[in-house]
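Since the structure comes first, as structure tokens, the remarks are kept for the end.
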Amino acid sequence: MACVVSIINLKGGVGKSTLAMLIAEYLVFKFLKRVLLIDMDAQGNLTYCMVPENDIQKQRKTERTIFHLLKSALEGYSVRINDYITQPPLIISNVERSSLPKNMIPGTLHMVISLPDVAQLDDRLIQLWEENKPIPLGLRQALRQAIEPVKKDYDFVLIDCPPGLSLFSSTALFASDYFVSPVIPEPLSMQGVELVQTRASELNRRGAKIEFRGVILNVVKHYRRTHQRMAKSLYEGEGSEMYHPFKWWVPDSELIRKLGEYDLEWLTPTGRINQFSPKFGSIEGKYGASATPLTNPSDGPLSRGEEEGKHYRLVERLERLVNEFQDRCG
Ligand SMILES: Nc1ncnc2c1ncn2[C@@H]1O[C@H](COP(=O)(O)OP(=O)(O)OP(=O)(O)O)[C@@H](O)[C@H]1O
Ligand SMILES: [Mg+2]
């Protein structure tokens with residue numbers, strides 16, 4: 001049975017979509033898991049990272065997006081996620097399955113995409129309100145009900161949430177067993193997590209069953225004093241019990257930034273049409289370039305010791321992070 005995990009923080013730009021992408025890809029291509037990825041954000045960042053433009057337009061025409069699912073629910077229909085999953089033969093992710101060794105059959109990677117249309121839902125809600133019509137009570141539970149029948153077909157359902165607390169994030173939380181929150185270790189960065197925790201407790205009082213499974217430190221500048229201080233309080237101070245930080249943090253990385261901005265041109269010298277050329281032959285091909293090895297996190301907050309301890313490259317750190325994710329959320 002799949003575990004449903006929301007990747008959520010009230011704060012924008014902390015790496016929710018980036019972590020959703022890389023966790024999903026590692027789960028599928030490294031750990032051979034079956035993953036359903038749901039983009040709940042009207043910005044569609046994750047969608048554009050995972051699916052070629054042509055296919056996105058196909059899904060729009062055939063009305064298979066998270067917007068259409070929620071719209072249907074808003075109109076009072078009962079919805080099934082299968083009707084909204086992108087249809088084969090779609091390419092989800094630019095890591096190539098065909099290039100994996102024959103004895104490694106890659107897991108499933110399916111997706112429900114999002115498009116800017118999602119924003120129109122707010123207008124519809126206001127319209128109902130203006131016309132004095134009731135907003136369907138079950139709307140927040142729509143995603144949970146839609147996912148239930150396919151939980152047996154996946155190991156993980158990952159939901160990339162939008163920033164802010166909206167109907168979308170509540171709907172995602174309601175459908176989730178767990179949530180994890182990416183944070184950049186800077187002052188005030190934990191406020192967004194606290195507000196999500198409060199919202200989760202409220203929803204739990206109304207029938208949801210969501211558990212917090214920790215913060216993932218992201219865009220970490222291990223050489224910066226503010227980041228070191230914040231990490232110290234999270235790993236060794238009061239924060240450790242409350243925020244339960246993942247041992248494996250993600251450094252500030254030019255490679256990750258470029259992958260998130262579809263700025264892949266620098267990776268291959270030849271012509272390319274969209275973000276899906278180039279393709280990457282493997283997880284190592286996508287995440288293995290560049291990045292100086294950093295020391296083991298257990299060497300202390302943000303492991304400054306350059307000489308001591310075991311060093312890990314980015315691609316290895318991410319593998320360990322996703323391993324930890326499976327331990328916590330599996
Ligand atoms: N570890 C990292 N190192 C460097 N850049 C990163 C890292 N993680 C994310 N980024 C970059 O930071 C930016 C924001 O990341 P992302 O879009 O994943 O955040 P988000 O929380 O999903 O944002 P939003 O709230 O707008 O949905 C992107 O340009 C991404 O490429
Ligand atoms: Mg995002």
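Some notes on this structure:
- Residue list for the stretch 5-20, restricted to those being outside any loop (DSSP other than H, G, I, E, B) and either small (Gly, Ala, Ser) or more than 10 Å from ligand 2 (Cβ to nearest atom) (or both): Val5, Ser6, Ser17, Ala20
- Candidate set: the stretch 146-170, residues that are within 16 Å of ligand 2 (Cβ to nearest atom) and under 17 Å from Lys209 (Cβ atoms); chosen: the one modelled with the lowest pLDDT: Ser169
- Under the condition of being outside any helix (DSSP H, G or I) and in contact (Cβ under 8 Å) with a residue 12 or more places away in the chain, the residues counted in the stretch 167-202 number 14.
- Scanning the stretch 140-159 for residues that are in contact (Cβ under 8 Å) with a residue 24 or more places away in the chain, of a type in the set (Asp, Glu) and either closer than 16 Å to Tyr84 by Cα or surrounded by fewer than 19 Cβ atoms within 10 Å (Cβ to Cβ) (or both) yields a single hit, Asp153.
- All positions within the stretch 209-220 that are in contact with an Asp or Glu (Cβ under 7 Å, 6 or more places away or on another chain) and within 16 Å of ligand 2 (Cβ to nearest atom): Val219
- Glu75 passes every criterion in (1) at pLDDT below 80; (2) within 18 Å of Gln141 (Cβ to Cβ); (3) surrounded by fewer than 19 Cβ atoms within 10 Å (Cβ to Cβ); (4) not small (Gly, Ala, Ser) apart from (1).
- Qualifying residue in the stretch 12-23 (condition: more than 16 Å from ligand 1 (Cβ to nearest atom) and touching a helix residue (DSSP H, G or I) at 6+ places or on another chain (Cβ under 7 Å)): no
- Looking only at the stretch 24-43, and only at residues there that are open to solvent by 10 Å² or more (accessible area, probe 1.4 Å), assigned to a loop (DSSP other than H, G, I, E, B) and in contact with a helix residue (DSSP H, G or I) (Cβ under 6 Å, 6 or more places away or on another chain), the one that is nearest to ligand 1 (Cβ to nearest atom): Ala42
- The stretch 176-194: number of residues that are open to solvent by less than 10 Å² (accessible area, probe 1.4 Å) and touching a strand residue (DSSP E or B) at 6+ places or on another chain (Cβ under 7 Å): 9
- Looking only at the stretch 1-20, and only at residues there that are out of contact with any Asp or Glu (no Cβ under 8 Å at 6 or more places or on another chain) and either of a type in the set (A, V, I, L, M) or open to solvent by less than 10 Å² (accessible area, probe 1.4 Å) (or both), the one that is nearest to Leu217 (Cα to Cα): Val14
- Selection status of Arg144, farther than 28 Å from Tyr26 by Cα and among the basic types (Lys, Arg): no
- Residue count for the stretch 45-64, restricted to those that are more than 10 Å from ligand 1 (Cβ to nearest atom) and surrounded by fewer than 22 Cβ atoms within 10 Å (Cβ to Cβ): 13
The values are calculated or read from the model by the stated rules, or taken from the named source; none is laboratory data. No experiment lies behind these values; they were computed from the predicted model shown. When we count neighbours, we look across all protein chains shown, and the Cβ atoms used for this are built from the backbone with ideal geometry, even at glycine. Side chains included, ligands, DNA and RNA excluded: accessible areas come from the protein's heavy atoms. Shrake-Rupley method; radii C 1.70, N 1.55, O 1.52, S 1.80 Å.
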